[in-house]
Amino acid sequence: MSWPFSCRLMRFSNGDKRTARMIESISLMNVGIIPVYPVKDSDILNYRKGLIAFYEMEDYSLYTDYFLDRQIERIKEIE
């Protein structure tokens, strides 16, 4: 999970999160995992909660829970 850590770098005024998201997507695709993007309101809320928990407490368990839940939902949709 390189993405949450790269978001915290804040080297540029407004491009860090997009760049970090791109790094995350490429890293996941390189190991055969489809990237997850929040699309529903509930997804966005859980995604943001995970990020805030990471930023404020360096706890990325909510983010990984969100990520894994979305991957499971995606697999169920495909089946």
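What follows draws every value from the coordinates through simple rules; no lab data is involved. Please read all numbers here as calculations on a predicted model, not as lab measurements. Cβ atoms come from the backbone with ideal geometry, glycine included; neighbour counts cover every protein chain shown.
The gain in end-to-end length when the I33 to E58 segment is fully stretched comes to 6.6 nm, 0.36 nm per residue minus the alpha carbon separation.
Each principal axis of the range 38-79 carries a Cα extent, and these read 37, 18, 8 Å when sorted largest first. Annotation for D41 and I78: the two label points, set 7 Å from Cα along the Cα-Cβ direction, are 3.0 nm apart.
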